1. Over the chain, average the accessible area per residue using a 1.4 Å probe and give it in Å², no decimals.
2. Would you mind computing Rg(Cα) / (2.2 N^0.38 Å) for region 18-83, counting N as its residues?
3. Rounded if a/c is under 1.5, else prolate if a/b beats b/c, else oblate: with a ≥ b ≥ c from the C-alpha gyration tensor eigenvalues square-rooted, which is region 209-270?
4. From the backbone phi of region 156-170, what are the Karplus-calculated ³J(HN,Hα) couplings (6.51 cos²θ - 1.76 cosθ + 1.60, θ = phi - 60°) in whole Hz, Gly and Pro given as x?
5. Counting C-alpha atoms alone, how compact is region 256-355: give Rg to one decimal and Dmax as a whole number, in angstrom.
6. If you plug each phi of region 251-260 into the Karplus form 6.51 cos²θ - 1.76 cosθ + 1.60 with θ = phi - 60°, what whole-Hz ³J(HN,Hα) values come out, in order, with x for Gly and Pro?
7. What's the Kirkwood radius of the chain in Å, using all Cα pairs?
8. Looking only at 22, 233, 345, which one moves most when the chain is put into a Gaussian network model with springs between Cα atoms under 10 Å?
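The values are calculated or read from the model by the stated rules, or taken from the named source; none is laboratory data. It should be emphasised that the depicted structure is a prediction, and the values quoted were computed from it without experimental measurement. Cβ atoms come from the backbone with ideal geometry, glycine included; neighbour counts cover every protein chain shown. SASA here: full protein model, heavy atoms, side chains in, ligands and nucleic acids out. Shrake-Rupley method; radii C 1.70, N 1.55, O 1.52, S 1.80 Å.
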Amino acid sequence: MATASDSRASQQPKTKKQDPVDLRSDTVTRPSEGMREAMASAEVGDDVYGEDPTVNRLQERVARLLGMEAGLFVPSGVMANQLALAVHTQPGDEVIVEATSHIFNYESGAPALLSGIQLRPVEGDRGRLAPGHVAEAMRPEADVAPHTRLVCMENTANKAGGVAGRPARQEAVAEAARSRGLKLHLDGARLWNAAEATGAAPADLAAPFDTAWVALSKGLGAPVGSVLCGPQDTITRARRRRKAFGGGMRQAGVLAAAGRYAIEHHRAGLARDHARAERLARTLAALPAFEVDPQAVDTNIVIFETTDMDAATVVEILENENVLMTVFGPRTVRATTHRDVSGNDLDRTVAVIEEHFE
Ligand SMILES: *Cc1c(COP(=O)(O)O)cnc(C)c1O
């Protein structure tokens, strides 16, 4: 006898509607088969007691990859950033960030809400700071001025178009900060992509920073999680704060196993994602309806301008063809490649774009 769910399944149409090509974000990926197997067989314990061996191994592995002493598995990138802000600052302090940064634009006002600090956004070049920005934004020592405490950088710079920061420039900014007694934090949500694009090791890209984190749930395709890394004493304090922020997880090894699998098996796919983003950019650049510089596409994010249509109209036309992108401004659209966008998916995307916007 068929169960209710069986009968529902049998009512599904034979030819399923074509899956959309989902270029909205690299967070939409589904766990791969091997990843699901790794999750199912993960050895686990209670991580609030520090007893989950899979979490502990993941933390050690990522810390080593970033050239740091210790790591902390956290549920999200926002939590990694907010823990870093919390451990590096006191209420009333000021933190220098780039104006397009995730911390400034997309974290729900958390720096003020959770740590009682204020941000000092400065406009960089394609999301990147230069040493002069630190000198300019640094507050003087005075009763009336907030204490400047920390500089945050982002690699890759998401909102600027996945721009990859290079070690020499980052080190120069870090030196300007350190010489003024400031700490440095790296939002490395897509540090794996930056490493792929620049050829630098993740540890070299993280070297100038006191704390740095990487996401497992973006290009690497794990369902959940990021790892914040830094010196042992800083991570010990972050761990306590993670509990206070509600981020203490129990048998989190099931999730850490997915992250570990992603690091070992999915990093190799990033080069392919970057090549597909570049191909998409070249397709768009060839059409008068759009403006984009394919040379400026370093990694897996393509941000392009529309010349005479609203971005919302373009996104709607594409959506009707089952190709999904994100409205990023009145005349700006973002497309992001990832491991669930196949070569065929990209062919389809290119064909749809050429058909509608030639
Ligand atoms: C996605 C992202 C974050 C936040 O990560 P979540 O896991 O979504 O909380 C932070 N910084 C950058 C640059 C990001 O792209």
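1. Dividing the accessible area of the chain by its residue count gives 45 Å².
2. Working: Rg = 15.2 Å, N = 66, 2.2 N^0.38 = 10.8 Å.
Taking the Cα Rg and dividing by 2.2 N^0.38 Å, one obtains 1.40.
3. On the way: a/c = 2.62, a/b = 1.50, b/c = 1.74.
Oblate is the answer for region 209-270, as a/c is 1.5 or above yet b/c matches or exceeds a/b.
4. Each residue's phi maps through the Karplus curve to give 6, 7, 4, 5, 7, x, x, 6, 8, x, 9, x, 4, 5, 5 Hz.
5. 14.4, 47
6. 7, 6, x, 4, 7, 4, 4, 5, x, 4
7. On the way: mean 1/r = 0.0465 Å⁻¹.
Radius from the Kirkwood sum: 21.5 Å.
8. The residue that fluctuates most here is 233.
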